[in-house]
Structures are given as structure tokens and as C-alpha cells.
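Participant: Encoded as C-alpha cells, here's the structure I'll be asking about.
The values are calculated or read from the model by the stated rules, or taken from the named source; none is laboratory data. The structure displayed is predicted, hence computed values, not measured ones. Because the Cβ atoms are built from the backbone with ideal geometry, glycine has one as well, and the counts that use them run over all protein chains shown. Just so you know, the surface numbers come from the protein's heavy atoms only, side chains and all, with ligands and any DNA or RNA stripped out. Shrake-Rupley method; radii C 1.70, N 1.55, O 1.52, S 1.80 Å.
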Amino acid sequence: MAAAVATAAGSLLPPSVHAALAREPRPGGLRAIKHVVLLMQENRSFDHYYGSLRGVRGFGDRNALPGVFQQSGVYPFPVREAALGRDVQYIGDLDHSWNGGHTALRHGWNDNWVPAKTAATMAFYDRRDVPFHYELAETFTICDAYHCSLPSSTSPNRNYWVSGYTGFEPNGNRATGNAAYDEDNHAGYTWTTYAERLEQAGVSWRVYQEHDNFQDNNLEFFVRFKEIARKVLPPGFKSLDKLYAHGDPKLIDLSRLTPAERRLYDRGLHRVAPKTLGQVFRDDVEHGRLPAVSYLVPSSVDSEHPGASSPAASASITYQVLDALASSPEVWESTVLFITYDENDGFFDHVPPPRPPAQHTDEWVGDRPLGLGARVPMTVVSPWSVGGYVCSQVFDHTSMTRFLERWLDVREPNVSAWRRAVSGDLTSAFDFDRRRTWPDVGEPAPVPPASPRWRPTPPATQAMPEQEAGRRRARPLPYQPDAQASLSDGKVKLELSNSGKSSVHFALYPYAKEFENPAHFDVTSSQEHVVPFGESYDLLLMGPNGFRREFAGSAHGTAQVSSSVRGYSRVLTLTFANLGDKPLTFVAGRRKVVVRAGRRAVIPWLTVMNSGWYDLTVTVVEEPGFRRRLAGHIEDGKESISG
């Protein structure tokens, strides 16, 4: 307790949280959870907030795509450098449309952000600007491979949040934009929401929202809830949004509802008075009314949207939620809080999102994939996620619903097979078996007062930003990827493998123009792929958590490198093969290995002293164009250290 109190003196977190952190978590795993709180904010990318945070996949990422950090000549730059006396909290929003998102990603190359979004896309915050957010990440668990569900705006991403899916508009088009915001004229979505499935299963749930909900409660866009709303509205109004904006909420007549409709209204549509969301939530916590599942929808001013809110305003509502939970030991010890963002606005993120292979036709709209979208922040707050960890499993907004599935055994059939393969269920972000003491956190800078909005422009002199030094504890991941390449008849045969428990998503980039755009694969055990080429080839294969293989060489090469992974000993075994008729000299780091014609050499590459991380390049003296780079992390089922 003394350590917690000492650290709290320089903290922005509620004192109640520090007191709660001093208590041991309940045993029992998922069975110990009684409440899950889902807080979704607006429009921030991962690099925009956490690119400079130590120990995450940020600006220091050694396994980034070549040149990705320089977008049309613009490097990521601090908002603070562009402020020129203006308030860093109040930069404006950017294009975050379906078309703009795909333009920035450019078929998966991820290199067209500035033309799509303007140079302001490269602006980022650091610890001085968002101290509260950084302290949350330092205290609990941050996910650095959490993506929004599609590269588009708020509404379709929140469709995934409340239903695991974005289906079709009443006119037959796929719901990839904000058409539902025209609530008076939008006929409504017809597929079933997860809230309705909870209701059918007898699980308590509620949406917490104020009179101004910024149209962020997507349940209001579904036919079932629209019908209920229109039954209680006074003449002249077709939507709750218009009533709360231009009418008198006292005219709502709930007597017109059946008991079943009244439950759906109270849980999904009821709005509380302005500036009372935090207090209403607290009252329910204190009086034992907190439901099993809570969806928190802040007002526009608290939403963190760069066009209507600010990081400081959002920190205020998040602080209230944290304090309400932590002030009740019984509730804190049985609650999980997920804090994330619906989409990235127009702000840059350097990690290209996974994209569905073409055979998953339900995940495509014409020649554009639905997802995934850019990375957005996700912080997992609970007694079982304390310790300043990073979790690098791939997630998206369907992951929260799948966590609820796992906990409640209430399935959401809307979640596609591809998303179930590529995205995890967030359980890997927790450690239900033991407790780490939480790390010391330096005193953050105070948040400056508000001022008018502005768009940052890059400084005249550009340079690549530096990420904070240091690593952090990392959750074990369910992946164990590997890949080999061999030549035959002017083709590269790739052998993709995965001995982990969860499917691995690979993206293959053709840098010698072997094909036009990156190709994508989801591998549960093994898969082969053949790439024809001309005189030379240059392929980059990317996977989760920094996995990387580079394959380059000529059609006449006789060298071959293969690898195998042993998780229990954290050894990467390399095999150098000479398929020609003259000796070859393989160079790996400081090691040189001469392999005679027709022979092989087996080399163990030890990684245990580097917590399972490896990064080496193999070249061949006699074949100048030959290159194999192997980078990644060997999992052994235990917690590790970030790369």
C-alpha cells in the first residue's frame, strides 16, 4: 500500500484506483468477472497518440514497411512543434471517409496518407500532451495491434461494435458510411444487434448516454429500436436525436410501450441529463445496479473527436468512470473496462492493416475490402491487466463482442469467419493466474486550457521522430509463424507455416513488381504460394508482432536458406543449402559459413538472451543479389519483453 500511495502523489489517476491496485485480484479467471464496461471514444489513430510511447510498435519499429514513415516527403511531426502558441489540445479533424481511407491505404501499400488526408495527418502527440492516457497505458495493458474494423467513418465502425458486422443500407448498398445519421429518413438496419441477443439470453445490459450522444449510439439506427423510439415520440418528430436537439424530452410518452419494448428503451435508448453521465454511472455502481454489459457513449464534448472535443475533455469522463469503479472494491475486483476509439479520423498509422483474401467475398465491396482499418488505441483496465504490459495480438472491434461471447456464452453469428480467424477475443490481454506490481510512473505535465481549433502543418525542417527508450512487459501471443522460399523454373515457392494456436495473417509485398498489389494469407498450419518472376525477385513477407521475412535474389541463384522455430528453447534453427556446383559463403551477422556444393549446414541461432527476439540478415558472398532477412519473436507460452 505504501508504494501505491507514494506513486499516486505524482499521478493523474484517481486515488481510488491506486488504492484498488494495492489489492490482490480475485482468482477464477473469466468466472470472476461480473461486469464488462465498453467505453468507445472518437477518431484517434495509434501512432497519433502512442507512436512515441516506449515499448510499443511505434516510431521505432524496425520492421516497418520501407519508407512508410515518410508520406509524400512528410515525416510524423509533434503537434507541439506546429502549435506556435496555439493549444495542442484543439487541432481539427480530417477526412475520415470510406473513399479517403482506401485512398490513404492504397491497396495495402499504406503510402498515400498525405494526398488523402493533407499533411496534418502526420501530426502526433507525446507524453507531455496526453499525460493521462500515457499513465493509463503505463499502469494497465495497451494493445498495439488493435485496429478499427474498416477504413471509414464512425457509424460503420460502431455497427461492428454493437453487432459484429456492418451490413447493407435500405437502398441495398453496403453500409460503409454515415448515411444512418439522417435518422428521420433512414429506414433502419435490419440485422440483429448483440444487445438484443443479450436481452434474449437474460443478460443485463445498458447504454449510458446523455441528451447529446453525438449520434454515437448505433442501436438507434436499427429497425427494432427505431420502431420503439417512434412509438414514444410526440407528433412532428421521427427520431430521438431531433427531439433532444429541437424539442422537449418531457414529451416522450413511455406508456405506449409494451413491457418488452420498455426494457429495450430503458436499456438502449434512455438518455440522461447533460453532464450527468459520470454521476449516473457512479450511482449505478454504488447501488448495485451496474449491469453485466455497459456501453458508454459520451457526449460530443467528452467524445475526444478532434472536431468537437479534446484529449483533455475525454480524460475527464474516463477519470469519472475509473473513479466510480475503483471506489467500490466489490465492483472493481469483478470488472473489466475496455477503452478504445471507433476509428482513426484521418490520422496516420504506419502499420498496414490485415486485409481479407479474395475468397472471403462477404468481406469485400466491389474491389475494396471492408477491413481491417488503421490501428486505434485500446487500453484494457482491470485487476488482471495491471503492470504496464503490451499485448500485440491482432484485434478489431469484433474482438470486444467475442470477449463477451467467451465470457457469457452468448454467440454473435454476425461476426464473419475471416474476422474470427484474423482477430483475437482479447483474452490474451489478461493474466488471470498471477499479479505483477504496477510500475512507477513519472509525474505527467498538466493539461493546457482550451482554445480555438487549428490544423497542424509540418515544420520546415523534417526528421524522423524518436520513440521513447525502453521496453515493456509483453503478454504471450498465440502465434508461431515461419516462412521459407525456394526457386523452381523461374518461380519462388513460398511455404508459410504457423505452429501457434491462432491463425496468422501474412501480407506479401512485391518490390520487384512480381505482381501489382500486396497479397494476403491467413494460415492456421501451413500454406504454399507460388510467385512467378523475371530475372530477379524481391519479396517482403509481414506478419504479426514484428514477424518479417525478406526474400531477394536472381533466377540463377543456387543458395537457399530455411528456418525452423523451437518455442520451448527459443532457438531459431537455420539451414544453409548450396544447390550449385561451387562452394558458397553464407554471411549471417559476424558469422561466415562455407558450404560445399550440394551440401547443407545447420546453424542454431539462440534468442533466449534477447527474450525470444531475433533479427538477422543472411547474404552470400558469391551471389551479391541474394538476401534473406529473418526477424520476429519466438513464443514460449510465457510473458516476455517487447521488441
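Participant: Where Lys and Arg each count +1 and Asp and Glu each count -1, what net charge lies around GLU261 among other residues with Cβ under 13 Å from its Cβ?
Facilitator: Around GLU261, the surrounding residues sum to +3.
Participant: At q = 0.09, 0.10, 0.17 Å⁻¹, work out log10 I(q)/I(0) for segment 516-643 with the Debye formula, treating every Cα as an identical point scatterer and leaving solvent out; two decimals please.
Facilitator: Result of the Debye calculation: -0.29, -0.36, -0.99.
Participant: Continuing with the same structure: Straight distance only, please: which lysines reach the Cα of LYS231 with their own Cα at less than 22 Å, same-chain residues fewer than 8 apart left out?
Facilitator: Correct list for LYS231: LYS242, LYS250.
Participant: What nm distance separates the two modelled labels at VAL602 and THR617, each placed 7 Å from Cα along Cα→Cβ?
Facilitator: So the two model labels end up 2.9 nm from each other.
Participant: Which translational diffusion coefficient, to the nearest whole µm²/s, is obtained for segment 1-107 from the Stokes-Einstein equation, given a Kirkwood hydrodynamic radius over C-alpha pairs, 25 °C and 0.890 mPa s?
Facilitator: Translational diffusion coefficient: 131 µm²/s.
Participant: In the chain, what percent of the accessible surface is made up of carbon and sulfur (1.4 Å probe, ligands and nucleic acids excluded)?
Facilitator: Solvent-exposed carbon and sulfur of the chain make up 51 percent of the total.
Participant: R0 = 45 Å: FRET efficiency of VAL223 with ARG453, Cβ-based, nearest 0.05?
Facilitator: The formula returns an efficiency of 0.80 here.
Participant: Provide the FRET efficiency to the nearest 0.05 for the SER554-ASP95 pair, computing r from the beta carbons and using R0 = 51 Å. Spell out each step's value before the answer.
Facilitator: Numbers: r = 43 Å, r/R0 = 0.84.
Efficiency computed from Cβ-Cβ geometry: 0.75.
Participant: Sticking with this one: In units of 2.2 N^0.38 Å, what is the alpha-carbon radius of gyration of segment 479-530?
Facilitator: Computed over Cα atoms of segment 479-530, the ratio equals 1.18.
Participant: Could you tell me the calculated FRET efficiency between VAL594 and ARG31, based on Cβ-Cβ distance and R0 = 51 angstrom, to the nearest 0.05?
Facilitator: So the FRET efficiency works out to roughly 0.30.
Participant: Here's something else I'd like to know. Per the Kirkwood definition applied to all pairs of different Cα atoms, how many angstroms is the hydrodynamic radius of segment 59-188?
Facilitator: The Cα-based Kirkwood calculation yields 17.4 Å.
Participant: Taking the Kirkwood radius as the inverse of the mean 1/r across Cα pairs, report the Rg/Rh of segment 341-397.
Facilitator: Result for segment 341-397 is an Rg/Rh of 1.06.
Participant: Could you calculate the contour length gain from ASN112 to VAL365, that is, 0.36 nm times the residue separation minus the distance between their Cα atoms, to one decimal place in nm?
Facilitator: Additional length available on full extension: 89.0 nm.
Participant: Let me ask you something else. Just want the answer: with Cβ charges of +1 for Lys and Arg and -1 for Asp and Glu, which residue in PRO78, ILE33, VAL88 is farthest toward the dipole's positive end in segment 1-108?
Facilitator: After comparing all options, I get ILE33.
Participant: How about segment 567-643: which chymotrypsin sites (Phe, Trp or Tyr not before Pro) there lie in a loop by DSSP and see at most 15 other Cβ atoms within 10 Å? Can you show the working numbers first?
Facilitator: Values: sites: TYR568, PHE576, PHE586, TRP605, TRP613, TYR614, PHE626; in loops: TYR568.
Counting only loop positions with at most 15 other Cβ atoms within 10 Å, the chymotrypsin sites (Phe, Trp or Tyr not before Pro) in segment 567-643 are TYR568.
Participant: Quick one: net charge around LYS34, please, counting Lys, Arg +1 and Asp, Glu -1 for every other residue with C-beta under 12 Å from its C-beta.
Facilitator: Taking every other residue near LYS34 into account, the sum is 0.
Participant: Per-residue HN-Hα couplings for segment 561-566, Karplus 6.51 cos²θ - 1.76 cosθ + 1.60 at θ = phi - 60°, whole Hz, x for Gly and Pro?
Facilitator: 10, 10, 9, 9, 10, 10
Participant: At 20 °C and 1.002 mPa s, grab the translational diffusion coefficient of segment 458-548 from Stokes-Einstein with a Kirkwood Rh over Cα pairs, rounded to a whole number in µm² per second.
Facilitator: Translational diffusion coefficient: 138 µm²/s.
Participant: Stick to Cα atoms and the Kirkwood definition of Rh, then tell me Rg/Rh for the chain.
Facilitator: Taking Rg over the Kirkwood Rh, I get 0.99.
Participant: Give, in nm to one decimal, the length gained when the segment between THR258 and ARG471 is fully stretched (0.36 nm per residue of separation minus the Cα-Cα distance).
Facilitator: Length difference between fully extended and current span is 71.1 nm.
Participant: Still on this model: Do the sum for the chain: with -39,500 (n - 2.57) for every DSSP H run of n ≥ 4, divided by all residues, what is the mean residue ellipticity at 222 nm, to the nearest 500 deg cm²/dmol?
Facilitator: Working: 17 runs with 138 residues, N = 643.
-6000 deg cm²/dmol, from helical runs alone.
Participant: Accessible area per residue, 1.4 Å probe, Å², for the chain: what's the number? Spell out each step's value before the answer.
Facilitator: Working: 24120 Å² over 643 residues.
For the chain, the per-residue accessible area is 38 Å².
Participant: When N is the residue count of segment 111-155, what does its C-alpha Rg come to as a fraction of 2.2 N^0.38 Å?
Facilitator: On the way: Rg = 14.0 Å, N = 45, 2.2 N^0.38 = 9.3 Å.
So the Cα radius of gyration is 1.50 times the expected 2.2 N^0.38 Å.
Participant: Taking the Cβ of GLU516 as the center, what net charge do the other residues with Cβ under 13 Å away carry, scoring Lys and Arg +1 and Asp and Glu -1?
Facilitator: Overall, the nearby charge balance is 0.
Participant: Once fully extended, how much extra length lies between THR190 and ASN171, figured as 0.36 nm per residue of separation less the alpha-carbon to alpha-carbon distance? Mind dumping the intermediate values first?
Facilitator: Values: separation 19, 0.36 × 19 = 6.84 nm, distance 1.21 nm.
The span from THR190 to ASN171 would gain 5.6 nm if fully extended.
Participant: Using the Karplus curve 6.51 cos²θ - 1.76 cosθ + 1.60 with θ = phi - 60°, what ³J(HN,Hα) values do you get for each residue of segment 477-485, in whole Hz, with x for Gly and Pro?
Facilitator: In residue order, the calculated couplings are 10, x, 10, 8, x, 7, 7, 10, 9 Hz.
Participant: Using each residue's phi in segment 578-584, evaluate 6.51 cos²θ - 1.76 cosθ + 1.60 at θ = phi - 60° and report the 3J(HN,Hα) Karplus result to the nearest Hz, with x for Gly and Pro.
Facilitator: So the J values, rounded to whole Hz, are 10, 8, x, 10, 10, x, 10.
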